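To start, the structure itself, in structure tokens.
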Amino acid sequence: MPRVKRGTKRRARRKRILEKASGYYLTKSKLYRSAKESVERGLKFAYFGRKQKKRQYRSIWIVRIGAAAKQNGMSYSTFISGLKKAGVELDRKILSDIATKDAAAFTGLASQAKAALKKTA
């Protein structure tokens, strides 16, 4: 069986890991074994961070909608319930954008929601 030395492949793999670890503190950016652990940990957090970002954005949208709904004399839950009963199918991202940039349009949506709630009650 031929002897395998792995010179260039090993060097390339280690170089790639150390490049990803550049900017890390002390040995985590210089020594391969420490850098490998740190890079793997960082990539794990990056993966979970991409999932958490979606949750955080949704909660920000809900806070913005809730604040705008309070200014129109409604709670968040009654506002969303009223919109569903009125047949308005806007998602929370769009609603929060309307709430922050166009208060008059949001007031119109709130009045629609109130009317739909009175109609069913």
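All of Ala110, Ala115, Ala99 fail the test of being surrounded by fewer than 14 Cβ atoms within 10 Å (Cβ to Cβ), part of a helix (DSSP H, G or I) and either touching a Cys at 6+ places or on another chain (Cβ under 8 Å) or among the aliphatic types (A, V, I, L, M) (or both), apart from Ala115.
The residue that is surrounded by the most Cβ atoms within 10 Å (Cβ to Cβ), counting only those in the range 1-33 that are in contact (Cβ under 8 Å) with a residue 12 or more places away in the chain and among the basic types (Lys, Arg), is Lys20.
Out of the range 1-13, which residues are outside any loop (DSSP other than H, G, I, E, B) and aliphatic (A, V, I, L, M)? Within the range 1-13, Ala12 is the sole residue that qualifies. Screening Tyr76 on (1) within 23 Å of Thr120 (Cα to Cα); (2) of a type in the set (Phe, Trp, Tyr); (3) surrounded by 18 or more Cβ atoms within 10 Å (Cβ to Cβ) shows it passes everything except condition (3). Inside the range 67-91, residues that are of a type in the set (A, V, I, L, M) and part of a loop (DSSP other than H, G, I, E, B) make up a count of 3.
Collect the residues in the range 1-55 that are out of contact with any helix residue (DSSP H, G or I) (no Cβ under 9 Å at 6 or more places or on another chain), closer than 30 Å to Lys93 by Cβ and not polar (S, T, N, Q), keeping them in residue-number order. Result: Lys44, Phe45, Ala46, Tyr47, Phe48, Gly49, Arg50, Lys51, Lys53, Lys54, Arg55. Could you go through the range 47-70 and let me know if any residue there is aromatic (Phe, Trp, Tyr), under 30 Å from Lys15 (Cα atoms) and at pLDDT 95 or above. Scanning the range 47-70 turns up at least one residue that is aromatic (Phe, Trp, Tyr), under 30 Å from Lys15 (Cα atoms) and at pLDDT 95 or above. Regarding the range 54-66, can at least one residue be identified that is part of a loop (DSSP other than H, G, I, E, B) and not β-branched (Val, Ile, Thr)? Scanning the range 54-66 turns up no residue that is part of a loop (DSSP other than H, G, I, E, B) and not β-branched (Val, Ile, Thr). Here Arg16 meets the list (1) part of a helix (DSSP H, G or I); (2) of a type in the set (Lys, Arg); (3) at pLDDT below 95 almost entirely, failing just condition (3).
Given the structure, is Ile80 touching a residue at least 12 places away in the same chain (Cβ under 8 Å), more than 13 Å from Thr107 (Cβ to Cβ) and among the hydrophobic types (A, V, I, L, M, F, W, C)?
yes
The values are calculated or read from the model by the stated rules, or taken from the named source; none is laboratory data. As the structure is a prediction and not an experimental result, all values here were calculated from the model. A quick note on method: Cβ atoms are made from the backbone with ideal geometry, for glycine too, and the neighbour counts reach across all protein chains shown.
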